[in-house]
Amino acid sequence: MPQGVLSYKYEQEKQASGMTALAGLPVYLDLASVLGLGDHVRTHLTVKAQGWTDEQVILSLILLNLAGGDCVDDLKILEKDEGFCKVLASVETKGLSRQKRRAMQRRWRKEQHRSVPSPSAVFRYLEAFHDPLEEAKREKGKAFIPVPNEHLSGLVRVNRDFGASVQMRHPSRDATLDMDATLVATEKADALFGYKGYRAYQPFNVWWAEKELVLHSEFRDGNVPAGFEQLRMLKESLDLLPEGVTKVYLRSDTAGYQHDLLRYCEKGENKRFGRIEFAIGCDVTKEFRKAVAEVEEWKPATKEIDGQNVATGKEWAEVCFVPAAICHSNKDPVYRYIATRELLAQQTLPGMEGTVELPFQTLTMEAKRYKIFGIVTNRDMEGSALITWLHERCGKSEEAHAVMKEDLAGGKLPSGNFGENAAWWGIMILAFNLNAAMKELALGGSWVARRMKAIRFSLIGLPGRVVSHAREMVIRLAKDHPSLKVLLDARQRIMELGCVPSG
C-alpha cells in the first residue's frame, strides 16, 4: 500500500438534503408506538408542564442510547441529523388532531426550532429526579438507599407497563428472576468507594430470563452491599410481574444467601405466586467446608450439549449440612445443600501453602486441592441439571450488565447528584428493554442472540435519504443493501403486533 494520505477532502453540504446516518432507528419508533411506550410515559410522568413534554425528553434519551450516544451532549449530534429529525417530527404529530397540535405549540413561549431537547434542557429535566431532602439523611460510613421521589417511582411504573405490553403480545407463564448487582465505575467526587476499591455506583438489577428484560432496577451507591435488602427487592419485583405469569423461580449468587429471603420463598409467603423455587450460591464457611470434607461419594457433573451429556470437569455431591441460623426450631424449613469441586490444574508447590490468596474457596481432599462452590436450593432436580440451571444466570444476566454499561449509556453517568444519575440509569433500562422487545417480537431468529453493538452496526446506523412523496415519508437505502429485507420484515411484524387488542 502506498504511503501518505489519500487525495480527497471533506466539505459541508451546501443545502438541506434529508440525509440520515440512522436509517434503521425509525423501526424502534414504530415498536415503541405499538407497545404504548409514549402512553406509559404520559400516564406516569408529570415532570414537564411547559416546553418539551415528558414523552419527548424520555424518547429522545432512549433513542440516544440506541444510536450509540453515551452522554447528554451527544444530543447535539442527533439534532444535526436532518433526516432523523424529519422522521421524529413526523412521528410526534402523527394521528394528532389540529386541536392537539395547536396545544403542543402553545407549550412554547417562542417558536420551536429543535427536534430533540438541548443538553441544557435535559439537565434541567433530570434535576427533577433528585431529592436534596432525602440526600440529607445520609450517614457517613453507613449503607443508605434514598427513597425515590415521585418521578423516579414513575420511571419504575413506566418500565412495568412496558413489560406488560411485551407480555401481552408474547405471553410467558414462567418468570425466572436473576438478582444481581453491578459496579459502574465513575470519577464523580461525591461517589462512594465500592468493594473493589474504586469510586462507583452499584445498581441492583432483577432480570427476567424468559423475556430477557430487566424487570426491576434500583440505583444504589457503590458502598451498598449487593445483598442489602434483597427480600424487599424480590417483593417489589413480584409486584411488577404482569398478568399471565403463574410460576416464579429465583437465582442468585452468594449475595442472595439470606435466610429471610430463603424462608420467604420456601414457605410460599407471596399470596400471588406461592412457593418460589430457587437455587442460590451459599457461603463456604468453616462449618460448610467441614461438611464437604466428610462427603464420601462424588458424582461427575455433566452438561447437555446438542442432546448429549458432556463432562464439565467438575464433580458434585449432596452435603449433609444445617446452618445454625435455621436449627433453632422445628418450624424452620430444611434445604438441599450441594457442593461442587473442581481439581486445580496447577497445584500448590511444597512450602508455598498459604502464601498465595486465590479469589475463590479451596479445600484439600485426598492430598489434592480443589476449588469449592456451594449451592442451596429447594428444587428437586438432579444435581448436574441444577448446577447447569444456576450457572445459566452467569451468562445472560451478567452479559446484560455489560450491554448496559458498554453498549448503552449506563456506564457514563451525567451528574454528581444521585437522583439525576438514577433517572439516567432508569431511562437506559427502558432503552435496553425496547431493544430486547425488538429482538423478541420483530427480528427473531439469529438476531435474538446479537449484542447491541452488532445490531447498531447492521441495522440502526445505516446511511439513507429521507424524502416526502405523495403524503408519505420514504427512507431510501443503498441499492441491494442486505439490511433492507430485515427492516421490511420487522416493520411487517410490528404492524401485526399493532392488531393485538390492548385490553
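The values are calculated or read from the model by the stated rules, or taken from the named source; none is laboratory data. None of these values were measured; they are calculated from a predicted model. Neighbour counts are summed over all protein chains in view; Cβ atoms, including those assigned to glycine, are modelled from backbone coordinates with ideal geometry. Calculation scope for accessible area: heavy atoms of the full protein, side chains included, ligands and nucleic acids excluded. Shrake-Rupley method; radii C 1.70, N 1.55, O 1.52, S 1.80 Å.
Annotations for the structure displayed:
- Working note: Debye formula, equal point scatterers on the alpha-carbon atoms of the chain, no solvent; log10 I(q)/I(0) at q = 0.13 Å⁻¹ is -1.31.
- Candidates per trypsin sites (Lys or Arg not before Pro) in region 135-193, loop by DSSP, up to 15 other Cβ within 10 Å: Lys137, Arg138, Lys140, Lys142, Arg173
- For region 210-269, GluC sites (Glu not before Pro) are listed when DSSP marks them as loop and at most 11 other Cβ atoms sit within 10 Å of their Cβ; the list is Glu243.
- Accessible carbon and sulfur surface of the chain relative to its total accessible area, %, 1.4 Å: 51
- Listed by chain and number, the aspartates and glutamates placed with their C-alpha closer than 20 angstrom to that of Lys286 are Asp253, Glu294, Glu296, Glu318, Glu342, Glu353, Glu357, Glu366; residues fewer than eight positions away on the same chain are left out.
- Were the residues from Val448 through Glu243 laid out at 0.36 nm apart, the gain over their Cα-Cα distance would be 71.4 nm.
- Within-11-Å neighbourhood charge of Val245 [Cβ basis; K, R +1; D, E -1]: +1
- All alpha carbon pair distances within region 405-503 were sorted into 5 Å bins beginning at 0; the resulting P(r) in whole percents reads 2, 10, 15, 17, 17, 14, 12, 7, 3, 0.
- Each label was represented as a point 7 Å from its Cα along the Cα-to-Cβ direction; for Ala470 and Gln308 these points are 5.7 nm apart.
- Restricting region 420-485 to trypsin sites (Lys or Arg not before Pro) that sit in a DSSP loop and have at most 11 other Cβ atoms within 10 Å of their own Cβ leaves Arg471, Lys479.
- Heavy atoms of Glu472: accessible area, 1.4 Å probe, square angstrom to 10: 120
- Out-of-range pairs (alpha-carbon distance over 19 Å; input Lys235/Lys267; Lys235/Lys439; Lys188/Lys412; Lys142/Lys196; Lys299/Lys371; Lys188/Lys396): Lys235/Lys439; Lys188/Lys396
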